[in-house]
1. Contact list please: Cβ distance under 7 Å, first residue in the stretch 80-96 and in contact (Cβ under 8 Å) with a residue 12 or more places away in the chain, second residue not charged (D, E, K, R), pairs at least six apart or on different chains.
2. List the residue pairs whose Cβ atoms are under 8 Å apart, where the first residue sits in the stretch 20-44 and is under 26 Å from L108 (Cβ atoms), the second is part of a helix (DSSP H, G or I), and the two are 6 or more positions apart or on different chains.
3. I need a count of the residues in the stretch 84-105 that are within 30 Å of K33 (Cα to Cα) and open to solvent by less than 70 Å² (accessible area, probe 1.4 Å).
4. Of all the residues that make up the stretch 52-66, how many are out of contact with any helix residue (DSSP H, G or I) (no Cβ under 7 Å at 6 or more places or on another chain) and open to solvent by less than 60 Å² (accessible area, probe 1.4 Å)?
5. Between a residue in the stretch 49-68 that is under 12 Å from L98 (Cα atoms) and touching a residue at least 24 places away in the same chain (Cβ under 8 Å) and any residue that is surrounded by 11 or more Cβ atoms within 10 Å (Cβ to Cβ) and of a type in the set (S, T, Y), which pairs come within a Cβ distance under 8 Å, given they are 6 or more apart or on different chains?
6. Name the single residue, out of those in the stretch 67-83 being part of a helix (DSSP H, G or I) and open to solvent by 80 Å² or more (accessible area, probe 1.4 Å), that is nearest to L109 (Cα to Cα).
7. With the requirement that a residue be open to solvent by less than 100 Å² (accessible area, probe 1.4 Å) and within 23 Å of the chain's Cα centre (by Cα), what does the stretch 14-38 give you?
8. Give me the residue from the stretch 40-80 that is of a type in the set (V, I, T) and within 25 Å of the chain's Cα centre (by Cα) and, out of that set, modelled with the highest pLDDT.
Amino acid sequence: SLPEKLYNKRKAYYEGVAQRQRSLHGAWDQLHKALESSRALVAKAVPAAVEQLRRSRILLAEFLQDRQDFLKRTFRGQLSGIEKMSQERAMKLAGMALVSSYRKAVELLRKRRMN
């Protein structure tokens, strides 16, 4: 009958709409979960990177003070050859530690960006 055909046609149409809505809802749920997990990773990684940068700033201040003290003593002639070499070696090691500290902070931020 004609009314039954119209009913079946409308039913198929609305079932298709409902199916698309369920699919769309599932996709939005997936996106929401991904954003929530990303936010959680950021919340963990950023404070660690900030703390690492704070430590790096402290190391930089100490390095600059030591370097300035070393240069003053060198220009005044207060360091012997052996003392000067050992101080230079210590300055190089401190410089490498400082660079390593900043690299670690950058790596923490890169990991945050990748996740």
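The values are calculated or read from the model by the stated rules, or taken from the named source; none is laboratory data. This structure is a prediction, so every number in the text was calculated from the model and none was measured. Here the Cβ is made from the backbone with ideal geometry for all residues, glycine too, and neighbour counts use every protein chain on show. These area figures cover heavy atoms from the full protein model, side chains too; ligands, DNA and RNA do not enter into them. Shrake-Rupley method; radii C 1.70, N 1.55, O 1.52, S 1.80 Å.
1. That search, which allows pairs on different chains as well, returns Q87/F70; Q87/L79; M91/F70; A94/F63; G95/F63.
2. L41/R112; V42/R112
3. Selection size over the stretch 84-105: 1.
4. Result for the stretch 52-66: 1.
5. Close Cβ pairs (under 8 Å, with a partner that is surrounded by 11 or more Cβ atoms within 10 Å (Cβ to Cβ) and of a type in the set (S, T, Y)) amount to Q52/S101; L53/Y102; R55/S101; S56/S101; S56/Y102; L59/S101.
6. Here the answer is R67.
7. L31, A34, E36, S37, S38 - these are the residues of the stretch 14-38 that are open to solvent by less than 100 Å² (accessible area, probe 1.4 Å) and within 23 Å of the chain's Cα centre (by Cα).
8. Among those that are of a type in the set (V, I, T) and within 25 Å of the chain's Cα centre (by Cα), it is I58.
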